[in-house]
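Worksheet: the structure to be examined is printed underneath.
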Amino acid sequence: MQPREIRPQVYWVGAIDWDRRLFDALIPLPDGTSYNSYLIKGSEKTALIDTVDPTMQDVLINHLNQLGVDNIDYVVANHAEQDHSGAIPQVLEKYPQAKVIATPKCKGMLIDLLMIPEGKFITVNDKETISLGDRTLEFIYAPWVHWPETMLTYLREDKILFPCDFFGSHLATTDLYVTDEGQAYEAAKRYYAEIMMPFRTNIQKNLEKIKDYVIDIIAPSHGPMYDRPEFILKAYHSWAFDEPKNIVVLPYISMHGSTRKMVEYLVGALTQRGVTVKKFDLTVTDIGKLAMALVDTATVVIGTPTVLDECPETQTEVCFYYRFLRLGRQDCGTTRRDDSKS
């Protein structure tokens, strides 16, 4: 692919990873992902917003070469996770005069993780700005979205927010902007559920923090950009602030069928009472679909047999998964039945 112009002298220079199917050795990626990096050419200075996963550093460097970039003054590191920071050493090698802009905490992490020399950094405070000449970058602290060192970058003159993982989606697409809102909504909700939901109180605070900014484009570091920002802002507000709905999520396994019969009976009884039920057979479930269901649910019921008088490991992991993703909400419980006796 070629670099893509977003606004005059503002470019997408990232990489699309069509074939990646697992993220952080944990998270399924049914639709691949992208690592979005953005180049801003000011009248006096040039800045690169985030980089790409180190496996795709050559794609980023090639895009910069295609644009004839012979100088980068600043590399903005919104987030230290290596799918965004991993190519910084290669960028600094190609552009040795560049300085890395980061929060103090991000600076420490990048020194530890990537061994970037301390002298290569400029640390910024919350709401601090740096001029590129005819353009201004403002840095907005956003801790625990979803790491403690995270910040967002706002390009004032063009009203573009670069929020890194905030508002992202694991979606490989050639579309620069969201074109299918149904597909984008599901991808963004999956991303929120699997990565952001444990930090929803921080999400709430940071949604409040940016509410007074005039934003024409949200340019995250994964997935397509939003040229209708209210679409994703409204979705995030709902996921983070809304009260749980009258929905029962019911993950289960059944060794010989008796637990399944109990589950089917419960589903029927709840449905008759007007309760929405989302049932997941954990032997075949896409764990991302289960995570998405947890965003809205008020109740989780786990159906499980026993093995040597204990829950199978799969069910124990689901309890941990639930408690981790929905941190701060009521614990899940289990009701046992020995399927081996059926």
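The values are calculated or read from the model by the stated rules, or taken from the named source; none is laboratory data. What you are looking at is a predicted structure, and each value in this text was computed from that prediction instead of being measured. Methodologically, a virtual Cβ is constructed for each residue, glycine included, from the backbone with ideal geometry; neighbour enumeration extends over all protein chains shown.
Points worth noting:
- Any hit, the range 27-42, residues being in contact with a helix residue (DSSP H, G or I) (Cβ under 9 Å, 6 or more places away or on another chain), of a type in the set (Gly, Ala, Ser), buried (at least 16 other Cβ atoms within 10 Å of the Cβ) and closer than 19 Å to Gly86 by Cα: yes
- Asp180 vs. criteria exposed (fewer than 15 other Cβ atoms within 10 Å of the Cβ), farther than 25 Å from Ile40 by Cα and out of contact with any His (no Cβ under 7 Å at 6 or more places or on another chain): yes
- Condition check for Asn202: buried (at least 22 other Cβ atoms within 10 Å of the Cβ), more than 12 Å from the chain's Cα centre (by Cα) and among the polar types (S, T, N, Q): no
- Of residues in the range 208-227 being among the hydrophobic types (A, V, I, L, M, F, W, C) and touching a helix residue (DSSP H, G or I) at 6+ places or on another chain (Cβ under 6 Å), the one surrounded by the fewest Cβ atoms within 10 Å (Cβ to Cβ): Ile215
- Close pairs from the range 12-30: first in the same structural domain as Pro54 (by TED's automatic domain parsing), partner of a type in the set (Gly, Ala, Ser) and in a loop (DSSP other than H, G, I, E, B), Cβ under 6 Å, at least 6 apart: Val13/Ser37; Gly14/Ser37; Ile16/Ala172; Asp17/Gly32; Trp18/Gly32; Trp18/Ala172; Arg20/Gly32
- Whichever residue in the range 74-115 is touching a residue at least 40 places away in the same chain (Cβ under 8 Å) and among the hydroxyl-bearing types (Ser, Thr, Tyr) and, among such residues, is surrounded by the most Cβ atoms within 10 Å (Cβ to Cβ): Thr103
- Filtered residue count, the range 55-100, keeping only those that are touching a His at 6+ places or on another chain (Cβ under 9 Å), part of a loop (DSSP other than H, G, I, E, B) and not aliphatic (A, V, I, L, M): 3
- Number of positions in the range 42-54 that are part of a strand (DSSP E or B) and touching a residue at least 60 places away in the same chain (Cβ under 8 Å): 3
- Selection of the range 117-139 for residues being over 13 Å from His79 (Cβ atoms), touching a Ser or Thr at 6+ places or on another chain (Cβ under 9 Å) and surrounded by 14 or more Cβ atoms within 10 Å (Cβ to Cβ) yields Thr123, Val124, Ile130, Leu132, Arg135, Thr136, Leu137, Glu138.
- Look at (1) more than 20 Å from Gln82 (Cα to Cα); (2) in contact (Cβ under 8 Å) with a residue 60 or more places away in the chain; (3) surrounded by 20 or more Cβ atoms within 10 Å (Cβ to Cβ); (4) in contact with a Lys or Arg (Cβ under 9 Å, 6 or more places away or on another chain) and you find that Leu161 fails only one, number (4).
- Identification of helices (runs of 4 or more DSSP H) wholly contained in the range 253-342 with 1 or more residues that are at pLDDT 95 or above yields 258-272, 287-296.
- Test: residue in the range 257-270 that is in contact with a helix residue (DSSP H, G or I) (Cβ under 7 Å, 6 or more places away or on another chain), touching a residue at least 40 places away in the same chain (Cβ under 8 Å) and surrounded by fewer than 19 Cβ atoms within 10 Å (Cβ to Cβ): yes
- Of all the listed residues (Thr123, Thr103), the sole one being within 27 Å of Ile215 (Cβ to Cβ), touching a helix residue (DSSP H, G or I) at 6+ places or on another chain (Cβ under 9 Å) and in the same structural domain as His63 (by TED's automatic domain parsing) is Thr123.
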